[in-house]
Every structure is written in C-alpha cells, then in structure tokens.
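Notes for the one structure printed next.
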Amino acid sequence: MATHPHKPILNFRGVVLRTLAISVAATLAACSGQGMKEAVDEPGLRKQNQSEYRQLLEEAYQLSFTLDFDRLRKAYVQSSEYNPYGGVKLEGLPEAYSSVESADFDGCLRNVDRVLKYNYMSLEAHMIGVVCSGQAGEFEREDLHRYMVEGLMTSIENSGDGKSQESAFQTISTSELRGFVRLKGLQVLDQSIVYDKQGIYDKMQVRDPESGEEYPLFFNVSQQFAQGSEGE
C-alpha cells in the first residue's frame, strides 16, 4: 500500500475554515478555565475523591506541558462521563457549525461553551473554538482550544497510521473521528464498518483535495460500539 504522509496541523484557522465551508452541518471561561471548572469541579471536592479523568482535566485547564493525552483519553473512556458519540448528539455542536457558516463568531463561542460544559473532550468543539475565538479576537481562549486540539490530534496520530485494520487509528468518539478527518483537510467519499477478531473499524475512503489522491483510512471504533454508539 502506498505511503500517505500526514499533514501538519499548524494552520488551524485556514484548514478548518476551508473544510467547514464544504462540511458545515445544517460560558467556556477565559484562559484560567474558571467557568469550566465550576461545571466539573464542585466546591469543596477533594482531589483524592475525584476520578482520574477529572484530575487530568485539571491539568488540561492549566495547559500543562506534561499532560499525557493518551492517559487523559483512556481515563475519559473509563469514567462515568464518557460519551461515545461526542458529536451531533451533544446540544450546541450543530449550532456551532451553523454559526461558523454565518460568520457569527460570538454565537459560535456560546455554542462551543454548551458542548464543552458536558463534554470537554469534543475534538470538534475545540476545533471550531480555535477558529471562532481567533476570528473574535479572543486569543487567550484560542490558545486553550489549540492546546486541546494539538494534544488530542497527536494522541490519535501516535496510535497508528490508519493504513490498515492492524494499524488503524484509535478513536474514542465520533467527534474525534470526524474532527480528525476534517483537520486533515480530507474529503470523505465513502464510509463502511468492517470487523475482524481484534475489533470493529470504520473504513473511510478519502480524497486529498490538493493532490486528488484517494485512499482508505481505518479507525478502530471498538470502544464506541462497546458503549452503544451507533457510529453516526
């Protein structure tokens, strides 16, 4: 199988604005993350009583340079807060996409807040947040969203190369899968579910719009299916 080097994910605004233009569906706090902590960190809650996931989220709010995103994603899956859909079934995400399309960037951020209040691990919400906060001039908030996007994307990329079922990318939600493909600037031509003894996979036939090259990408979605995801 031919080698398909992955594109860097540095120019978020350009990449996301281009991909959202063809794929848009019909109060996160400032840099300190204070507002988000109010949603997930009840006053007086002792750290030792927190789940591992919530403890790691505290590091994420502080933009920790040492946060292990592989561990964060694993802890999220094992937590009671895990949402295998992580996407359109979350209130606010379709509206956030629509706000980008209408260039309502303040409204976009309000809708991103609605998503992250209940699922801070939504790659799509952070992806949109990078664009909208940048366009709205909220650059400290842009850094927060960019931090999450870079960490989540790197963790997914390090899990495999997507060229086969054996080396499939490991994704933990449909939001991760969709966000990953969009950030790569790829167009989805076809999608199917395939199985083997090791797991369940989402096979996507994609096209690179710059080169015109078409090829399959495999994502291991076993964890979503185990939690009742319908693979939306």
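Could we say that Q223 is of a type in the set (S, T, N, Q), within 30 Å of L57 (Cα to Cα) and at pLDDT below 95 here? Walk me through how you get there before you give the answer.
Values: of a type in the set (S, T, N, Q): yes; within 30 Å of L57 (Cα to Cα): yes; at pLDDT below 95: yes.
For Q223, the condition - of a type in the set (S, T, N, Q), within 30 Å of L57 (Cα to Cα) and at pLDDT below 95 - is met.
Considering only segment 167-183, how many residues are more than 16 Å from L93 (Cβ to Cβ) and either surrounded by 22 or more Cβ atoms within 10 Å (Cβ to Cβ) or at pLDDT below 95 (or both)?
Of the residues in that region, 4 qualify.
Looking at segment 51-67, which of its residues are touching a helix residue (DSSP H, G or I) at 6+ places or on another chain (Cβ under 9 Å), more than 18 Å from L116 (Cβ to Cβ) and part of a loop (DSSP other than H, G, I, E, B)? T66, the sole residue that qualifies. Scanning segment 152-166 for residues that are over 13 Å from the mean Cα position of the chain (by Cα), buried (at least 19 other Cβ atoms within 10 Å of the Cβ) and closer than 21 Å to L57 by Cβ yields a total of 0.
If I ask for residues that are closer than 24 Å to A75 by Cβ and either among the hydrophobic types (A, V, I, L, M, F, W, C) or assigned to a loop (DSSP other than H, G, I, E, B) (or both), which ones from segment 168-202 would you list?
In the first step, residues of segment 168-202 are kept if they are closer than 24 Å to A75 by Cβ; the result is 168-180, 183, 198-202.
Result: A168, F169, T171, I172, S173, L177, F180, L183, Q198, I200.
Residue check: A103 meets all listed conditions (1) aliphatic (A, V, I, L, M); (2) in a loop (DSSP other than H, G, I, E, B); (3) buried (at least 19 other Cβ atoms within 10 Å of the Cβ) but one, namely (3).
Going by what's in this entry, would D143 be described as outside any helix (DSSP H, G or I) and either modelled with pLDDT of 95 or more or small (G, A, S) (or both)?
No.
S79 falls short on exactly one of the conditions (1) at pLDDT 95 or above; (2) of a type in the set (S, T, Y); (3) more than 17 Å from the chain's Cα centre (by Cα), and that condition is (1).
Scanning segment 89-97 turns up no residue that is surrounded by 17 or more Cβ atoms within 10 Å (Cβ to Cβ), within 25 Å of S155 (Cβ to Cβ) and acidic (D, E).
The values are calculated or read from the model by the stated rules, or taken from the named source; none is laboratory data. Since the model is a prediction, treat every value here as computed from it, not as a measurement. Neighbour counts are summed over all protein chains in view; Cβ atoms, including those assigned to glycine, are modelled from backbone coordinates with ideal geometry.
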